[in-house]
Amino acid sequence: MSYAALLFAVNVGGRKVPSTRLRALAGELGFAAPRTIVNSGNLVVAAGGSGARSAADVARLVHDGVVEEFGVDATVVVLTTAQLERIVADVPWPKAAREDPSHVLVLVGAEPVDAAGIARLDLSTAGRESLAVAHGVLYARYPDGIGRSPLTTTVLSRAAGTPVTGRNWNTVTRLLELAREVDGDGATTPPT
């Protein structure tokens, strides 16, 4: 089984965790077939010889390794291939995800997102943004762009009842592709 580890708020504000070094660190921790995408804290691994038996184990090992190696105390949320498959299959705006993937985000929390908290958000000043919750994650659609939206990560984290980190649809689908690759050959593929 492969795991996608998402690090919160790295490579911004001086919190440097370069992808090439993150892959190397994953190998040093005993993970097999480490892969990264986009230099924003996205790591896909198989358990390999790390001793990890669950997503929580992977999160703990990656977190502790990143603290020790980089001095960055970043929250790490881990999704399995099966979770990524459900998230991708159930996107509430499939047409937008296909045609405008950079404006569709999946926000993953340190804990499952509170759907009732998100439902209580006042979207009257948000413009054309849309929100939906499924599988414990928050989907957000920003057809006019993210930069000027009042639905910031801080606002969404507060409503979700947990800190969240977002990845756009291109990144989410690429993470799923990498997870499937690792599932297929994670035990034997050397780090790239």
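Mind checking which residues of the range 131-147 are of a type in the set (Phe, Trp, Tyr) and closer than 10 Å to Leu107 by Cα?
Tyr139
Test Arg180 against the stated conditions and say whether it is in contact with a helix residue (DSSP H, G or I) (Cβ under 9 Å, 6 or more places away or on another chain) and farther than 23 Å from Ser40 by Cα.
Considered against the rule, which asks whether it is in contact with a helix residue (DSSP H, G or I) (Cβ under 9 Å, 6 or more places away or on another chain) and farther than 23 Å from Ser40 by Cα, Arg180 comes out as no.
If we scan the range 1-17, do we find a residue that is closer than 18 Å to Gly184 by Cα, of a type outside the set (S, T, N, Q) and part of a loop (DSSP other than H, G, I, E, B)?
yes
Could you grab me the full set of residues in the range 154-174 that are more than 18 Å from Pro101 (Cα to Cα) and either in a helix (DSSP H, G or I) or without any contact (Cβ under 8 Å) to a residue 60 or more places away in the chain (or both)?
Listed by number, the residues that qualify are Thr154, Val155, Leu156, Ser157, Arg158, Ala159, Ala160, Gly161, Thr162, Val164.
So which residues in the range 140-162 are buried (at least 19 other Cβ atoms within 10 Å of the Cβ) and touching a Ser or Thr at 6+ places or on another chain (Cβ under 8 Å), if there are any at all?
Ala140, Arg141, Tyr142
Find the residue count for the range 22-37, including only residues that are in a strand (DSSP E or B) and either more than 20 Å from Val108 (Cα to Cα) or in contact (Cβ under 8 Å) with a residue 24 or more places away in the chain (or both).
Residues that pass the stated criteria total 4.
So Val78 clears everything in (1) at pLDDT 95 or above; (2) of a type in the set (A, V, I, L, M, F, W, C); (3) over 25 Å from Gly13 (Cα atoms) except one condition, right? Which one?
With respect to (1) at pLDDT 95 or above; (2) of a type in the set (A, V, I, L, M, F, W, C); (3) over 25 Å from Gly13 (Cα atoms), Val78 is out only on (3).
Could you check, for the range 9-21, whether at least one of its residues is of a type in the set (Lys, Arg), closer than 23 Å to Gly109 by Cα and surrounded by fewer than 24 Cβ atoms within 10 Å (Cβ to Cβ)?
Looking for residues that are of a type in the set (Lys, Arg), closer than 23 Å to Gly109 by Cα and surrounded by fewer than 24 Cβ atoms within 10 Å (Cβ to Cβ), one finds at least one in the range 9-21, hence yes.
The values are calculated or read from the model by the stated rules, or taken from the named source; none is laboratory data. Since we're looking at a predicted model, the values are computed, not measured. All Cβ positions, glycine included, derive from the backbone under ideal geometry; neighbour counts span all protein chains shown.
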